[in-house]
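Notes for the one structure printed next.
The values are calculated or read from the model by the stated rules, or taken from the named source; none is laboratory data. The structure displayed is predicted, hence computed values, not measured ones. Using ideal geometry, Cβ is built from the backbone for each residue, glycine included, and neighbour counts are taken over all protein chains shown. Side chains included, ligands, DNA and RNA excluded: accessible areas come from the protein's heavy atoms. Shrake-Rupley method; radii C 1.70, N 1.55, O 1.52, S 1.80 Å.
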Amino acid sequence: DVPCSPDPICALAPKPTRTDASAPYSHAPDPIAGMHNEFVGTRAPRAAAFVCFKAAETGGEFIVADGRAMFRDLPTDLVERLYNRNIRYSVMELPFFGWVDGLPEFMQGAVMGGVKGLASAAINAKVDFSVDLRWGEGGYDGTKMLQARAPSQPPIVRHPVTGDPTWFCNVHSHSSKLRKDREDIYGAERFEDGASQINKSDMFFGDDGDISDEDLKAMDECTMKNAKFVKMSEGDVVLLDNYKCMHGRNVFDGTRKHGVAWFEGWEGEEEMKANVPQLP
């Protein structure tokens, strides 16, 4: 028996979610779903089962990558820099405030403060981690926006059973720079309206410093070096350990219907943990 957990992103994500097992969906219109571990704030499922209800006509391969190999293959100086400074994600953008610029200048400060306070209260009431809102511009034709940033966190964690250090960092999916680089290959992202706009993301150092293009390139190259493409057919299921393995999805044409179930662990896990040699 394995305890099945609800989708950790069901309250935040733009994809359709259902509680029954016969609920296929197509991923949001992103040319490629970047490699990532599944977690939101303090919630992370231990394992997942991805099932194919209908394969895409072209492409759409499920992609996996070993986080332990990522940790070993990344340049040592980059790992030290990221680990010492931590990382921080921008988890959403609210690009709805261009109208503020049309207000008299003497009113803008007060209005922006009020809007930020209301939005912060609403968002923090919905999620189980602290969200810091900050004003910014750009990305949506220079429209004034509120960007929500999650708390600082480490890019590398120890596996909860084996203790192995493993890469647990969603830079490949969250970095705005890497997504824009992929546009040259796969075409532009279609963040046009609704939830797709809100769910734009980015990644920074934990102290809010920008990560250099050189460091982003190194992480991107290491990710793709370790990526394995799995062509799934109807009825296929891929089981993965969310702490050992990142996952993603290749660009596709046509209709692709996949579903996922999340698990909090598996039978015998405590016995496995007791038999694993303790690492320093």
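Values for this structure:
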| quantity | calculated |
| --- | --- |
| Met219 being aliphatic (A, V, I, L, M) and modelled with pLDDT of 95 or more | yes |
| Flag if Gly163 is modelled with pLDDT of 85 or more and over 20 Å from Val131 (Cβ atoms) | yes |
| Strands (runs of 3 or more DSSP E) contained in segment 89-184 and holding at least 2 residues open to solvent by less than 30 Å² (accessible area, probe 1.4 Å), in contact with a helix residue (DSSP H, G or I) (Cβ under 8 Å, 6 or more places away or on another chain) and within 21 Å of Val64 (Cα to Cα) | 165-167 |
| Options Val260, Val237: the member that is under 19 Å from the mean Cα position of the chain (by Cα), of a type in the set (Val, Ile, Thr) and over 30 Å from Leu78 (Cα atoms) | Val260 |
| Matching entry among Val64, Val115, Val40 (being out of contact with any Pro (no Cβ under 9 Å at 6 or more places or on another chain), of a type in the set (Val, Ile, Thr) and modelled with pLDDT under 90) | Val115 |
| Some residue of segment 92-111 being touching a strand residue (DSSP E or B) at 6+ places or on another chain (Cβ under 7 Å), closer than 29 Å to Pro160 by Cα and of a type in the set (A, V, I, L, M, F, W, C) | yes |
| Every residue from segment 35-84 that is surrounded by fewer than 17 Cβ atoms within 10 Å (Cβ to Cβ), part of a helix (DSSP H, G or I) and touching a residue at least 24 places away in the same chain (Cβ under 8 Å) | Ala69, Asp73, Arg81, Tyr83 |
| Within segment 213-225, tally of residues that are exposed (fewer than 15 other Cβ atoms within 10 Å of the Cβ) and touching a residue at least 60 places away in the same chain (Cβ under 8 Å) | 1 |
| Residue count, segment 248-280 (criterion: of a type in the set (D, E, K, R), touching an Asp or Glu at 6+ places or on another chain (Cβ under 6 Å) and assigned to a loop (DSSP other than H, G, I, E, B)) | 1 |
| Any pair with Cβ under 8 angstrom, 6 or more apart, that starts in segment 226-242 at a residue that is in contact (Cβ under 8 Å) with a residue 24 or more places away in the chain and ends at one that is open to solvent by less than 60 Å² (accessible area, probe 1.4 Å) and charged (D, E, K, R) | Asn226/Asp66; Phe229/Glu61; Val230/Glu61; Lys231/Glu61; Met232/Glu61; Asp241/Arg46; Asn242/Glu38; Asn242/Arg46 |
